[in-house]
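**Q** The following block contains the structure, expressed as structure tokens.
The values are calculated or read from the model by the stated rules, or taken from the named source; none is laboratory data. None of the values given here were measured: they were computed from a predicted structure. Every residue, glycine among them, receives a Cβ derived from its backbone with ideal geometry; neighbour counts consider all protein chains shown.
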Amino acid sequence: MMQEYFAALVQVAAAAVVAGGALAASVILGKIGARSKAKDTPYECGLNPEGNSNPRFSVKFYLIAMLFILFDIEIVFLYPWAVVYADMVKESWVIFGSMALFQLILAVGFVYEFKKGALDWSR
Amino acid sequence: MESFVSSLVFWVFATGLVAFSVLTVAGRSPVSSAMSLVATMIFVGGILITLQAYFLGMMQVMVYAGAVMVLFLFIIMLLNLDQESVRKKAWVKALSGVALCGGLFWILLGGLGLGQSRPLPPVPQGSDIRDLGRLLFTEYLLPFELTAVLLLVAIVGVILLCHQVRDRAAKKGGA
Amino acid sequence: MNTVATTLFLQKSQEPMQWWNLPEVWWIFVGILLLLLEMLRPRRNSASIAKASIFAFAVMLIASLGWPTGLETTFFGGAYQWDGLAIFFKRIFLIAGLATTWMMRKCEAQGIQGRDEFYILPWFAVAAMGFVSSVGDFVTGFVSIELLTVCSYIMVAFYRSDRFSLEAGAKYLVIGALSTAFLVFGITILFGTGGSLRFDQLANSLASGHQDPAVTMGVVLVLVGVGFKLAAAPFHWWAPDVYHGAPTPVSAFLAVASKAAAVVFLLRLLIGPFAPLWTQCQQVLLALAGASLLVGNLGALSQRDVKRVMGYSSVSHAGFILLGISAGSQPAMLSVCYYLLAYTLATLLVFGVICGMIDKTGGSLMRQFNGLAQSRPGVAWLMTIGMLSLAGIPPLSGFFGKWFIFASVWQEGMYVMVFLAGFTAVASLFYYLAIVRHMFFEKPADGRAISSGLSFGYQLLLVVLAVATVAVGLVPGAVQRAIYALIFNL
């Protein structure tokens with residue numbers, strides 16, 4: 001079983017070597033040239049850089065990310081459902097009904113988001 | 001060959017897991033701590049895959065490394081946390097943390113009986129996602145549907161607690 | 001053979017009861033319906049949602065009288081058990097939900113305008129607790145407890161512009177996550193050793209391997225997780241802070257319903273998977289009970305805020321309940337149920353008075369109750385009834401609750417615990433009577449934040465709770481016989 005994944009492991013190792021090699025090379029080669037404070041500042045079309053490099057994010061991003069995760073979890077349940085559906089629907093329609101109910105309950109949440117304007121960026 | 005590859009993969013992932021969890025705790029910049037945590041999650045997913053729980057491994061990467069960590073990063077950027085300037089040496093806290101970790105390790109060692117042989121539940125042969133799906137939609141149908149309600153309540157909670165309501169004045173008039 | 005259908009529908013049917021008849025299914029349905037109503041109605045009108053919610057709770061409480069008693073069935077292939085114990089606790093949850101929603105109406109002036117989900121969230125919480133009371137496997141138990149906890153987080157932090165409420169919400173969130181971690185770790189270990197998550201199967205496999213240290217670890221970790229939910233010492237620190245900061249109706253809900261849910265989960269575990277490990281569980285429970293009695297009753301003595309006093313008081317009552325559970329006999333289980341009923345009524349009464357009298361959010365200092373007996377004697381007497389019942393003064397139900405628990409613990413020969421509990425019960429008199437003293441014998445301070453008037457409906461709620469507190473104490477034998485008949489199917 002694990003044999004099939006050996007190739008994936010090799011790929012991960014190759015990625016690590018390439019990324020690590022690039023970092024190491026830049027450190028080794030970069031030390032050769034002279035460094036100064038002016039050289040280390042980010043280049044902004046010749047102007048002096050202003051402000052913080054990581055500005056504060058609006059809480060709106062957080063709200064969207066949070067709502068995304070909740071529906072992400074829903075997707076997690078959809079994978080096993082999709083895999084077993086064809087088999088289990090022959091036994092009974094419960095498998096269809098259960099996912100329909102699940103989706104229906106979450107659809108209420110989706111409508112709630114809409115109605116409260118949580119998806120409206122301008123508010 | 002099979003067992004050699006398996007154990008090699010396990011040791012690669014386990015070493016990475018430990019290394020990056022130490023970095024998560026020890027790092028000074030919140031962002032690099034968070035990124036180390038992402039790496040930790042990915043290695044946990046890798047270990048799950050070596051245990052032949054492919055679906056769980058992928059979910060670990062998708063949900064935790066992909067989605068939950070995004071929240072962490074948003075929070076860090078939202079609060080605009082800078083590097084920890086001075087690290088306080090709180091020996092009592094450090095010691096109690098070590099004691100807690102030691103206690104949990106002891107539970108795993110003594111409680112789970114390292115070295116004792118114990119019959120483990122049989123590993124499902126074939127596709128784990130198929131077995132999981134079958135269990136989820138027969139035996140665990142009730143908790144599955146309850147999860148939908150849980151997610152619904154979570155959506156309501158997120159909007160109630162995070163959503164900025166602009167037209168509060170208008171609503172006050174209506175209420 | 002149609003396997004899916006057989007797991008769905010009940011197995012040994014005597015009554016035409018199907019899964020869509022289950023009360024929790026209806027409660028969730030009502031919650032979703034109210035939510036849809038809230039978001040789809042054309043004109044904002046807070047009163048309509050609140051009234052609909054209260055009305056629906058009343059209807060469901062009346063409908064609960066028609067539930068089939070004396071019948072034990074399981075649904076969803078054993079994940080849901082319908083029996084007398086479940087019915088008793090489901091009714092307690094409905095009473096708590098009704099009273100909480102009623103109290104929430106009073107909070108309308110306190111910054112929840114236009115956010116009527118406040119009246120809807122109790123429905124999901126009550127449904128979650130209903131599932132907890134019927135739980136038959138660890139997955140269902142875990143998901144239901146999480147649903148309850150998520151509802152509680154939202155309700156605790158509901159006054160999001162109030163820093164006390166936010167602080168309480170943050171604390172409750174962290175503690176909730178911690179207790180969930182303990183619970184899940186314990187469940188994982190039990191699953192690893194027992195090989196099943198279903199209570200009946202787990203009981204069988206744990207019975208054979210109970211010398212295994214891993215099983216002990218799993219049991220202790222699960223009990224720690226439940227101890228957090230129960231606010232039992234030493235897992236109680238969150239209770240005073242959270243009760244203090246949360247909106248008062250929510251404090252009442254946590255003190256009554258959330259605690260009752262933890263109690264019924266504990267009972268389900270003890271009569272289910274943990275039954276073969278009773279001696280180990282008993283030691284843990286006794287330790288928790290002793291610590292809770294001491295910490296709760298002594299900690300409350302130095303408090304100046306009524307809601308904090310109630311926080312510590314709820315810790316001490318958790319101690320009494322755990323003491324009753326650790327006696328482990330059939331009469332002990334009955335006395336625990338009686339105690340819980342008395343505690344529910346009196347606590348709801350006390351929080352109802354606090355919620356009615358204190359307009360401000362955040363604190364509710366004892367000073368603010370100074371001279372209440374002169375300005376509003378009726379309310380002062382209602383508060384006194386609640387306090388005396390919690391303290392355990394003879395004609396009231398709280399006294400008989402304590403009495404039954406002491407008697408059943410004495411029968412099991414645990415004399416030291418009875419003396420400890422008796423001593424702490426006497427200590428508790430001081431802080432309960434301190435509030436009574438403030439109401440009756442202190443001069444009213446100027447600029448106090450005592451509310452001017454109570455609506456007729458609110459007065460009705462308080463009077464009904466007070467009458468119930470007295471009535472349950474007047475006929476303790478009859479009430480206990482009724483509980484006995486309900487739980488043991490006679």
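**Q** Between C:Ala86, C:Ala47, which is more than 13 Å from chain B (Cβ to nearest Cβ) and either at pLDDT 90 or above or in contact with a Lys or Arg (Cβ under 9 Å, 6 or more places away or on another chain) (or both)?
**A** Working: C:Ala47 fails: more than 13 Å from chain B (Cβ to nearest Cβ).
Just one listed residue meets the conditions, C:Ala86.
**Q** Continuing with this model, one more query. Quick one: is C:Leu166 more than 10 Å from every other protein chain (Cβ to nearest Cβ) and part of a helix (DSSP H, G or I)? If you could, list the steps in order and put the result at the bottom.
**A** Values: more than 10 Å from every other protein chain (Cβ to nearest Cβ): no; part of a helix (DSSP H, G or I): yes.
No.
**Q** Does any residue of the stretch C:130-142 turn out to be closer than 26 Å to C:Val353 by Cβ and assigned by TED's automatic domain parsing to the domain that holds C:Glu38?
**A** Narrowing the stretch C:130-142 to residues closer than 26 Å to C:Val353 by Cβ: none.
No, every residue in the stretch C:130-142 fails to be closer than 26 Å to C:Val353 by Cβ and assigned by TED's automatic domain parsing to the domain that holds C:Glu38.
**Q** Also, quick follow-up: Please indicate, with yes or no, whether at least one residue in the stretch B:57-69 is under 20 Å from B:Phe10 (Cα atoms) and either facing another protein chain (nearest Cβ under 8 Å) or at pLDDT below 85 (or both).
**A** Checking the stretch B:57-69: at least one residue is under 20 Å from B:Phe10 (Cα atoms) and either facing another protein chain (nearest Cβ under 8 Å) or at pLDDT below 85 (or both).
Residues are listed down the side, and each one gets a yes or a no for (1) at pLDDT below 85; (2) farther than 25 Å from C:Ile92 by Cα; (3) under 16 Å from the mean Cα position of the chain (by Cα):
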| residue | (1), (2), (3) |
| --- | --- |
| C:Glu167 | no, yes, no |
| C:Thr188 | no, yes, no |
| C:Ser208 | yes, yes, no |
| C:Gln211 | yes, yes, no |
| C:Val220 | no, yes, no |
| C:Val224 | no, no, no |
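**Q** Quick check on my filter: what residues within the stretch B:31-49 are within 14 Å of chain A (Cβ to nearest Cβ), crowded, with 20+ Cβ neighbours inside 10 Å and of a type outside the set (A, V, I, L, M, F, W, C)?
**A** Residues satisfying the conditions are B:Gly45, B:Gly46.
**Q** Additional query: For the stretch B:15-30, give me each residue that is surrounded by 16 or more Cβ atoms within 10 Å (Cβ to Cβ) and not in a helix (DSSP H, G or I). Please lay out each step first, then the result.
**A** Going residue by residue through the stretch B:15-30, those that are surrounded by 16 or more Cβ atoms within 10 Å (Cβ to Cβ) are B:16-17, B:20-21, B:23-24, B:27, B:30.
Of everything in the stretch B:15-30, just one residue is surrounded by 16 or more Cβ atoms within 10 Å (Cβ to Cβ) and not in a helix (DSSP H, G or I), namely B:Gly27.
**Q** Give me a count of the residues in the stretch C:200-236 that are within 30 Å of C:Ala255 (Cβ to Cβ) and in a helix (DSSP H, G or I).
**A** Residues of the stretch C:200-236 within 30 Å of C:Ala255 (Cβ to Cβ): C:218-236.
Among the residues that remain, those that are also in a helix (DSSP H, G or I) are: C:218-230.
The number of residues fulfilling the criteria is 13.
**Q** Can you tell me which residue is surrounded by the fewest Cβ atoms within 10 Å (Cβ to Cβ) among those in the stretch A:55-92 that are aliphatic (A, V, I, L, M) and farther than 17 Å from B:Val70 by Cβ? Even if it seems obvious, please write down each step before you answer.
**A** As a first pass, look at the stretch A:55-92 and keep what is aliphatic (A, V, I, L, M): A:59, A:63-67, A:69-70, A:73, A:75-76, A:78, A:82-84, A:86, A:88-89.
Okay, now just the ones that are also farther than 17 Å from B:Val70 by Cβ, so A:78, A:82-84, A:86, A:88-89.
Values: A:Leu78: 13, A:Ala82: 12, A:Val83: 18, A:Val84: 21, A:Ala86: 9, A:Met88: 21, A:Val89: 13.
Residue satisfying both the conditions and the ranking: A:Ala86.
**Q** Could I ask something else about it? Given (1) under 19 Å from the mean Cα position of the chain (by Cα); (2) facing another protein chain (nearest Cβ under 8 Å), where does C:Glu117 come up short, assuming only one miss?
**A** (1)
**Q** Still on this structure: Given the conditions (1) buried (at least 22 other Cβ atoms within 10 Å of the Cβ); (2) in contact (Cβ under 8 Å) with a residue 40 or more places away in the chain, and given that C:Gly218 satisfies all but one, which numbered condition is not satisfied?
**A** Looking at each condition in turn, C:Gly218 falls short on (2).
**Q** Also, quick follow-up: Test each condition in (1) surrounded by fewer than 21 Cβ atoms within 10 Å (Cβ to Cβ); (2) part of a helix (DSSP H, G or I); (3) not hydrophobic (A, V, I, L, M, F, W, C) for C:Arg160 and report the one that comes out false.
**A** Status for C:Arg160: all satisfied but (2).
**Q** Is it the case that some residue within the stretch C:53-63 is assigned to a helix (DSSP H, G or I), within 14 Å of chain B (Cβ to nearest Cβ) and crowded, with 20+ Cβ neighbours inside 10 Å? Give the derivation first.
**A** Filtering the stretch C:53-63 down to residues assigned to a helix (DSSP H, G or I) leaves C:53-63.
If we keep only those that are within 14 Å of chain B (Cβ to nearest Cβ) as well, we get none.
Checked against the condition, which is being assigned to a helix (DSSP H, G or I), within 14 Å of chain B (Cβ to nearest Cβ) and crowded, with 20+ Cβ neighbours inside 10 Å, the stretch C:53-63 yields no hits at all.
**Q** Another question, then. Give the number of residues within the stretch B:110-157 that are modelled with pLDDT under 90, among the β-branched types (Val, Ile, Thr) and under 22 Å from the mean Cα position of the chain (by Cα).
**A** Residues meeting the conditions: 1.
**Q** So, in the stretch C:27-44, exactly how many residues are surrounded by 17 or more Cβ atoms within 10 Å (Cβ to Cβ) and either at pLDDT 90 or above or of a type in the set (S, T, N, Q) (or both)?
**A** 7
**Q** Determine whether the stretch C:317-333 contains at least one residue that is of a type in the set (A, V, I, L, M) and in contact with an Asp or Glu (Cβ under 9 Å, 6 or more places away or on another chain). Show your work before the answer.
**A** The initial filter retains those residues of the stretch C:317-333 that are of a type in the set (A, V, I, L, M), namely C:318, C:321-323, C:325, C:327, C:332-333.
Checking which are in contact with an Asp or Glu (Cβ under 9 Å, 6 or more places away or on another chain) leaves us with C:327, C:332.
Within the stretch C:317-333, one or more residues are of a type in the set (A, V, I, L, M) and in contact with an Asp or Glu (Cβ under 9 Å, 6 or more places away or on another chain).
**Q** Next question. Going through C:Leu121, C:Leu148 one at a time, which residue ends up being in contact with a Ser or Thr (Cβ under 8 Å, 6 or more places away or on another chain) and within 27 Å of B:Glu145 (Cβ to Cβ)? Even if it seems obvious, please write down each step before you answer.
**A** Values: C:Leu121 fails: in contact with a Ser or Thr (Cβ under 8 Å, 6 or more places away or on another chain).
Just one listed residue meets the conditions, C:Leu148.
**Q** Still on this structure, I have one more. Since C:Gln18 meets every condition but one in (1) at pLDDT 85 or above; (2) away from chain B (no Cβ under 11 Å), which condition does it not meet?
**A** For C:Gln18, the exception is condition (1).
**Q** In this structure, is C:Leu286 in contact (Cβ under 8 Å) with a residue 12 or more places away in the chain and out of contact with any helix residue (DSSP H, G or I) (no Cβ under 6 Å at 6 or more places or on another chain)? If you could, list the steps in order and put the result at the bottom.
**A** Working: in contact (Cβ under 8 Å) with a residue 12 or more places away in the chain: yes; out of contact with any helix residue (DSSP H, G or I) (no Cβ under 6 Å at 6 or more places or on another chain): no.
Judged against the criteria, C:Leu286 is not a match.
**Q** Let me ask you something else. Regarding C:Leu266, is this residue modelled with pLDDT of 90 or more, more than 25 Å from C:Arg160 (Cβ to Cβ), of a type outside the set (Lys, Arg) and surrounded by 24 or more Cβ atoms within 10 Å (Cβ to Cβ)?
**A** yes
**Q** Determine whether the stretch C:406-427 contains at least one residue that is in contact (Cβ under 8 Å) with a residue 24 or more places away in the chain, buried (at least 22 other Cβ atoms within 10 Å of the Cβ) and within 20 Å of the chain's Cα centre (by Cα).
**A** For the stretch C:406-427, residues in contact (Cβ under 8 Å) with a residue 24 or more places away in the chain, buried (at least 22 other Cβ atoms within 10 Å of the Cβ) and within 20 Å of the chain's Cα centre (by Cα): absent.
**Q** Go through the stretch C:121-154 residue by residue and tally those that are of a type in the set (A, V, I, L, M), assigned to a helix (DSSP H, G or I) and more than 9 Å from every other protein chain (Cβ to nearest Cβ).
**A** From the stretch C:121-154, those of a type in the set (A, V, I, L, M) are C:121, C:125-129, C:132, C:135, C:139, C:143, C:145, C:147-148, C:150, C:154; that's our starting set.
Imposing the further condition that a residue be assigned to a helix (DSSP H, G or I) reduces the set to C:121, C:125-129, C:132, C:139, C:143, C:145, C:147-148, C:150, C:154.
So of that shortlist, the ones also more than 9 Å from every other protein chain (Cβ to nearest Cβ) come out as C:126, C:129, C:132, C:145, C:148.
So the count comes out to 5.
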